Amino acid sequence: MKLAVEEGYVIPQRGGLRIALCYPNTHSIGMANLGLHTMYELFNSIPDVVCERVFLPDKAELVEYEKSGAPLMSLETQSRIKSFDVVAFSISFETDYLNMAKMLQLADIPVWAEERHEGHPLVIMGGAASFLNPEPIADFTDVIAVGEGEILAFQLIDAIVENASKRDILLSLAKIGRGFYVPSFYDVIYNEDGTVFDYIPNEKGIPKRVGRAVASVNPKEGTLRRALKRGETELAEFLLNQDTFCPSTAIWSPGAEMGDRLLVEISRGCSQGCRFCWAGYNYYPPRVVPAKDILEKAREWRHKTNKIGLVSTAVCDHPEISTILRELRAMDYRISVSSLRLDQISDELLDALVESRDQQIAVAPETGSDRLRRVINKNLTNDEIVDICGAVFDRGMLTVKLYMMVGLPTETDEDLDEMFVLVERIKNRMLEAGKKFGRAGKIIPSLNGFVPKPNTPLQWDAICDERELKRRIKYVSKGLSKIPNVEVRFMSARIAHEQALYSSGDRNIGKVIDAAARHGDLNRALRETNTDPAFHTSRDRSYDEFLPWSIVDSGLSFEFLKTEHEKARESLSSLPCPAVEKCTTCGVCPSTWLADAPEGLIQIQPLKIKQLLGIPASAG
Ligand code: SF4
């Protein structure tokens, strides 16, 4: 049924290596994930590799699966997952870990790596969540992709093709030292108090830590920015003409969420260094896709849709954003963006968004307190936020969504009270603008509990105690609800704590995930596994503690993160990442990609490879 309305999928016409690409959520949600599209396109671009998709059945289907015991099947050829050579999960959110375990159970594949034998598929996990902290899913996995798929896909396939046994494949991947973490090659040693003491490689030639692999969408982004600024047109032109892989929608899937639009990743990473933001630090350095590649993709798809979603953590950071917006508008595209960074909103972007009327404007003040915003290094004041919202309202878009966090480090009730003041001011500004249009809009604050994330400067902080977080969320939502034209939404303290457990836990949390997936009940899983979640989530960690996710070398130096953490405590802000060559500020550029990445890994040209080899894709 789903295939009947899709276009662009690949029906395998040949043998070769078979990959089941699994998304641990439903088809509708999975098809809105650009990472899934990218991996599907990449795998299918490699000679003698065929990749099919697998999704978590929706609720009603799941009941049927469980009743009948029928095995989980791939979408394209309805093949049993067990029959594939590789089962590759793409995991963006820790909350999908349970779904991942559930899918293995439904596929009749042993959940624990040690229970699988040579005849079982190789199980690999990739995606943002898995390399942020791989430990909670380590025992489920043969190998974890540490970094970005654009370069790892090719190395993975090479290792599989060149080695006969599963063990040899894993050894050859682990020995690369960057990009592939094989948990079974490391023994975790714990201290008496339950904290991690160290990871000890149990095979020869295995590195002590696994480096993060960084794909270079455009390795010269910093140079490009400077060249444009200085008017060095020849250099800028050269850089802009470099061939680049442009991650974008691969399959047209109108029934799925956002399935009616072309999604294009225009940049990766963000320069601002907001201290709570895992995406910012874990995708350093910021990189961009040149406008020409984005526009080429847009032209290619225009006959199919007039909607385009620009995917980026910092849309306006793109040095060619004006050209992109102008050209897309000229093609009569309705433009939406994945996120709007307040400090970077430009008139032309607002005009484009208003013109397309395709999305509700959502901005992220994070808090109502200027002091707390310095703690998290979000360098904006309440006055600036009100002005920016005003610019939105003056264009007739009278409803805005405000992303706010509760439970930030050093937060007091006085800080929370400042949210009421800020939202009241924004509401008044909306009413003032509304007079011109003869109508009023809505302010929609969306409250989330702050969850400390690995590899960020706030990684050492405890999440706010669950009862206290609940109190604060209630306090804020009650206060905001009293303001007319305000509609509050909030995430429960419970969910924030669950997220914290999966994102900051150690290898022992795998047992909790398995039990929770079987019972559909986290509390029961915690009891059954005798796990105290507070140990993993609700204690401040010392700088001396060996953090469970330290097995991954993200490239960020300990000194940098520590200094940023200390500055947070003193409410001191820092400058953004300059994204220039030879910078050593955070440690990522010298250690991760510019220094020793082999040239072949820098530019990714999978489509070219396919064309050069004359391999036809049999599209549906
Ligand atoms: S080393 Fe400098 S340019 Fe590179 S990511 Fe870190 S702060 Fe940015």
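Residue-wise, which Karplus ³J(HN,Hα) couplings in Hz belong to the range 269-278, taking 6.51 cos²θ - 1.76 cosθ + 1.60, θ = phi - 60°, and x for glycine or proline?
Computed from phi, the couplings for the range 269-278 are x, 9, 8, 6, x, 4, 6, 8, 8, 5 Hz.
Helix-only mean residue ellipticity at 222 nm, the chain, DSSP H runs n ≥ 4 weighted -39,500 (n - 2.57), per residue, nearest 500. What is it?
Per the formula, -11500 deg cm²/dmol.
So which cysteines of the chain have no other cysteine's Cβ under 4.7 Å from theirs?
Cys22, Cys51, Cys246, Cys270, Cys316, Cys389, Cys464, Cys577, Cys583, Cys586, Cys589
Under a 1.4 Å probe, what is the accessible area of the chain per residue, stated in Å²? Kindly include the intermediate steps, with their values, before the conclusion.
Details: 24710 Å² over 620 residues.
On a per-residue basis, the chain sits at 40 Å².
For the chain, give the percent of accessible area contributed by carbon and sulfur heavy atoms, probe 1.4 Å, rounded to a whole number.
Ligands and nucleic acids excluded, carbon and sulfur reach 52 percent.
Using the Cβ atoms and a cut-off under 13 Å, what net charge is assigned to the surroundings of Thr531, where Lys and Arg are +1 and Asp and Glu are -1?
-1
What percent does the relative contact order of the range 412-538 come to when contacts are Cα pairs within less than 8 Å and at least six residues apart?
Contact order relative to length: 25 percent.
Can you classify the range 6-150 as rounded, prolate or oblate using the Cα gyration tensor, where a ≥ b ≥ c are the square roots of its eigenvalues, rounded means a/c under 1.5, and otherwise it's prolate if a/b beats b/c and oblate if not?
Because its axes are fairly even, with a/c under 1.5, the range 6-150 counts as rounded.
Please compute the length gained on full extension between Arg439 and Ser481, using 0.36 nm multiplied by the number of residues separating them and subtracting their Cα-Cα distance.
13.1 nm
In nm, give the distance between the simple-model label positions of Glu7 and Ser339, each being 7 Å from the Cα along the Cα-to-Cβ direction.
Calculated label separation equals 3.2 nm.
Residues with beta-carbon under 15 Å from that of Ser68, excluding Ser68: net charge, scoring Lys, Arg +1 and Asp, Glu -1?
-2
Working out 0.36 nm times the residue gap between Asp108 and Arg329, then minus their Cα-Cα distance, what length gain in nm do you get to one decimal?
Going from the current span to full extension adds 74.6 nm.
Using amide H atoms built in the peptide plane, which far-off residues or other-chain residues are under 5 Å from Asp198 H to H?
Here the answer is Ile189, since their amide H atoms fall under 5 Å of that of Asp198.
Rounded to the nearest 5, what % of the DSSP beta bridges within the chain are antiparallel ones? Could you put the intermediate results ahead of the total?
On the way: 13 of 57 bridges.
Just about 25 percent of them are antiparallel.
Between Arg494 and Lys175, how many nm apart are label points set 7 Å from Cα along the C-beta direction?
5.0
Among DSSP bridges having both ends in the range 13-156, what percentage is antiparallel? Round to the nearest 5.
Restricted to the range 13-156, the bridges split so that about 5 percent are antiparallel.
Can you give me the relative contact order of the chain as a percent, contacts being Cα pairs under 8 Å and 6 or more apart?
It rounds to 16 percent for the chain.
Using a basic spin-label model with each label point 7 Å from the Cα along Cα→Cβ, how many nm lie between Glu559 and His303?
It is 5.8 nm.
Shape of the chain from its Cα gyration tensor (a ≥ b ≥ c, root eigenvalues): rounded if a/c is under 1.5, otherwise prolate when a/b > b/c, or oblate?
Rounded, because the longest to shortest axis ratio a/c is under 1.5.
Determine which lysines satisfy two conditions relative to Lys562: a Cα distance under 26 Å, and not lying fewer than 8 residues away in the same chain.
Partners found: Lys208, Lys378, Lys453, Lys582.
Only Cα pairs under 8 Å and at least 6 apart count here; give the relative contact order of the range 1-82 as a rounded whole percent.
About 33 percent, as a whole number.
Amide H of Asn25 versus every other amide H placed in the peptide plane: which residues, excluding those fewer than 5 positions away on the same chain, fall under 5 Å?
Leu56
Residue by residue, what Karplus-based ³J(HN,Hα) values in Hz, rounded to whole numbers, does the range 438-445 have, using 6.51, -1.76 and 1.60 with θ = phi - 60° and x for Gly and Pro?
Running phi through 6.51 cos²θ - 1.76 cosθ + 1.60 with θ = phi - 60° gives x, 8, 10, x, 9, 10, 10, x Hz.
The values are calculated or read from the model by the stated rules, or taken from the named source; none is laboratory data. Here the structure is a predicted model, which means the values were calculated and not measured. In this analysis, Cβ positions are derived from the backbone assuming ideal geometry, glycine residues included, and neighbour counts consider all displayed protein chains. Heavy atoms of the whole protein, side chains included, go into the accessibility calculation; ligands, DNA and RNA do not. Shrake-Rupley method; radii C 1.70, N 1.55, O 1.52, S 1.80 Å.
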